[in-house]
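What follows is a set of notes on a single structure, which appears directly below.
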Amino acid sequence: MMSESSSFMKGVVLGGVFCMLVTLLGHIKVGHGTKAHHHEHHHIQAPNKEDVLNLSEAERMELSKSIRVYCIILVKPKALGQWAAVRETWSKHCDKAEFYSSEDVRVFDSVALNTNDMWAMMRKAYKITYERYKDEFNWFFLAYPTTFAIIENLKYFLLKKDPSQPFYIGHTVKSGDLEYVDGEGGIVLSIESLRRLSRVLEDPDKCPEQGGMIWKLAEDKQLAICLKYTGAFAENAEDSEGKDVFNTKAVSALIKEAMATHPQQVVDGCCSDSAITFSGLAANHMHVMMYGVYRLRPYGHTYSDALVFLPPAGSDND
């Protein structure tokens, strides 16, 4: 069992590298996110291997079972192809995943929010999620249908984080005086942050559903403004080497950047081995990513991963 799960985690790393090269040739559409390194924000890192190896086997098993991730995917009918791809690929690795749609769509199961406004959709999705699942999950991951996520890497990142603390995590960007998590790379809230958010959502002065500004802020910025009132601040997620793990661009764009800036170390200069998300993917590239991350296996190789994150029942595509 441990051998199979170890090969699984190794496949995540090697498959990810393979998929980077494949998707580069496929010219994946680049998302709108930017990689910002020179702003001030909190940096939190994934545990290193030694931290995990120092745990007892009983502690490892308990941790692997205790981290439960609920996935929220915000969708609109015009993105049915990507919606279907997310449903058939990475979302099966969430402990539970649900699609929150702007309107009722008969061909897919979803929670109808009955609004096209993205901020209103996000608010309603978080509110419903808290009411239904506050006692069942301790981490909540929100993504768009152009995002590909590796949930096992997310769980590893969260391994030593306390969900009873107000964590608000992802790829952090600074806009003026506001620091926020870019929605393109996915947004992670602990149960404590979600609890606090559910309260401030009821306060129209601090967290209005419709702002009074001449121009309308994007939903991820609106979320940050509301969370600031609760004491939950955006934190940039990095691996133990300081590389971003939530990516707001497609793999191909990151590789091209690395080829220009680190031509002798393209892969090392591109992405973290424990990356959690990539953005800007078309539907067919979701399946390419799935092949590279989960299905490709180097026969005969074994790994010494200390933890096992088995996908939930029903994840039959890996």
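The values are calculated or read from the model by the stated rules, or taken from the named source; none is laboratory data. Quick caveat: nothing in here was measured; it's all calculated off a predicted structure. Note that we place each Cβ from the backbone using ideal geometry, even for glycine, and neighbour counts take in every protein chain shown. These area figures cover heavy atoms from the full protein model, side chains too; ligands, DNA and RNA do not enter into them. Shrake-Rupley method; radii C 1.70, N 1.55, O 1.52, S 1.80 Å.
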Among (1) over 25 Å from Ser279 (Cα atoms); (2) in contact with a strand residue (DSSP E or B) (Cβ under 8 Å, 6 or more places away or on another chain); (3) among the basic types (Lys, Arg), which single condition is Lys206 missing? (2)
Test: Lys124 is under 19 Å from Ser198 (Cβ atoms), in contact with a helix residue (DSSP H, G or I) (Cβ under 8 Å, 6 or more places away or on another chain) and among the charged types (D, E, K, R): no
Got a number for residues in region 176-188 being over 23 Å from Cys271 (Cα atoms) and of a type outside the set (Asp, Glu)? 2
Those residues of region 76-97 which are under 21 Å from Leu113 (Cα atoms) and either outside any helix (DSSP H, G or I) or open to solvent by 50 Å² or more (accessible area, probe 1.4 Å) (or both) amount to Lys76, Lys78, Leu80, Arg87, Lys96, Ala97
Could you check region 160-177 and list, in sequence order, the residues that are at pLDDT 95 or above and in a loop (DSSP other than H, G, I, E, B)? Pro163, Ser164, Gln165, Pro166, Phe167, His171
Every pair of residues 6+ apart whose Cβ atoms lie under 7 Å, when the first sits in region 117-130 and is closer than 18 Å to Lys216 by Cβ while the second is of a type in the set (Lys, Arg) and open to solvent by less than 40 Å² (accessible area, probe 1.4 Å): none
Here the residues within region 160-193 that are open to solvent by less than 10 Å² (accessible area, probe 1.4 Å) and over 16 Å from Glu219 (Cα atoms) are Ser190, Ser193
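Listed here are the residues, each with its yes/no results for (1) under 20 Å from the mean Cα position of the chain (by Cα); (2) under 18 Å from Ile151 (Cα atoms).
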| residue | (1), (2) |
| --- | --- |
| Lys243 | yes, yes |
| Phe246 | yes, yes |
| Lys249 | yes, yes |
| Leu254 | yes, no |
| Glu257 | no, no |
| Gly269 | no, no |
| Asp273 | yes, yes |
| Gly280 | yes, yes |
Output for region 142-159, where each listed residue is open to solvent by less than 30 Å² (accessible area, probe 1.4 Å) and outside any loop (DSSP other than H, G, I, E, B): Leu142, Ala143, Phe148, Ala149, Ile151, Glu152, Asn153, Leu154, Lys155, Phe157
Inside region 276-285, can you point out the residues that are surrounded by 24 or more Cβ atoms within 10 Å (Cβ to Cβ) and either outside any loop (DSSP other than H, G, I, E, B) or out of contact with any Leu (no Cβ under 9 Å at 6 or more places or on another chain) (or both)? Thr277, Phe278, Ser279, Leu281, His285
Of a type in the set (Asp, Glu) and in contact (Cβ under 8 Å) with a residue 60 or more places away in the chain: which single residue out of Glu202, Glu184, Glu103, Glu192 fits that description? Glu184
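So that you can scan it fast, the table gives a plain yes or no per residue for (1) open to solvent by less than 20 Å² (accessible area, probe 1.4 Å); (2) in a strand (DSSP E or B):
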position: Lys216; (1), (2): no, no
position: Leu223; (1), (2): yes, no
position: Gly231; (1), (2): no, no
position: Asn236; (1), (2): yes, yes
position: Lys249; (1), (2): no, no
position: Ser252; (1), (2): yes, no
position: Ile255; (1), (2): yes, no
position: Ala260; (1), (2): no, no
